[in-house]
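The values are calculated or read from the model by the stated rules, or taken from the named source; none is laboratory data. Quick caveat: nothing in here was measured; it's all calculated off a predicted structure. No Cβ is skipped: glycine too gets one built from the backbone with ideal geometry, and neighbour counts run over all protein chains shown.
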Amino acid sequence: MINEVLGQAREEMEKAIDSLHHDLASIRTGRASTTLVEKIPISYYGTPTPLQQMAVISVPEAQLIVIRPFDPTAIKEIEKGILQSDLGITPNNDGKVIRLAIPPLTEERRKALAKNVQSRIEDGRVSIRNHRRDALEDFRELEKEK
């Protein structure tokens with residue numbers, strides 16, 4: 001019974017850490033990364049679909065992301081989804097591919113990102129504390145049952 005509680009707590013804490021890693025990877029830092037755009041929801045035939053399921057996303061240069069849709073008719077929807085996301089990047093469309101040039105970070109944007117990162121890290125800490133507290137409560141209940 002104790003091993004079950006420990007295993008469950010460990011699993012939940014690892015999920016919280018993985019979630020934090022994913023959140024931090026999706027922050028625009030001035031370098032191009034596919035994780036910036038792959039989860040952007042695109043309205044595809046009325047259904048929100050992650051961009052990674054609609055296109056090949058590549059990073060040919062450190063400051064450039066290239067998105068090549070599987071269906072060329074979806075370029076306008078992809079462009080609209082990128083503009084609606086909170087990336088602050090304007091897509092360039094040439095009819096077949098979409099190019100996203102990642103501009104260097106300004107001082108103001110850098111400070112906002114630092115605050116955002118601190119907030120996300122604190123949320124991760126709180127989540128882990130909550131899982132640990134729940135596990136301790138389960139241990140106390142097990143101890144009372146004895």
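Of 86, 134, 138, which residue is assigned to a loop (DSSP other than H, G, I, E, B) and either outside the structural domain of residue 14 (by TED's automatic domain parsing) or of a type outside the set (A, V, I, L, M, F, W, C) (or both)?
That would be 86, the only listed residue that is assigned to a loop (DSSP other than H, G, I, E, B) and either outside the structural domain of residue 14 (by TED's automatic domain parsing) or of a type outside the set (A, V, I, L, M, F, W, C) (or both).
Can you go through 58, 19 and tell me which one is in the same structural domain as residue 79 (by TED's automatic domain parsing), out of contact with any Gly (no Cβ under 6 Å at 6 or more places or on another chain) and either in a helix (DSSP H, G or I) or of a type outside the set (A, V, I, L, M, F, W, C) (or both)?
One residue alone meets the criteria, 58.
Pick from 27, 75: which is in contact (Cβ under 8 Å) with a residue 12 or more places away in the chain, outside any helix (DSSP H, G or I) and not hydroxyl-bearing (Ser, Thr, Tyr)?
Exactly one of 27, 75 is in contact (Cβ under 8 Å) with a residue 12 or more places away in the chain, outside any helix (DSSP H, G or I) and not hydroxyl-bearing (Ser, Thr, Tyr), namely 27.
Could you pull out the residue among 67, 75, 128 that is under 30 Å from residue 3 (Cα atoms), surrounded by 14 or more Cβ atoms within 10 Å (Cβ to Cβ), at pLDDT 90 or above and aliphatic (A, V, I, L, M)?
128
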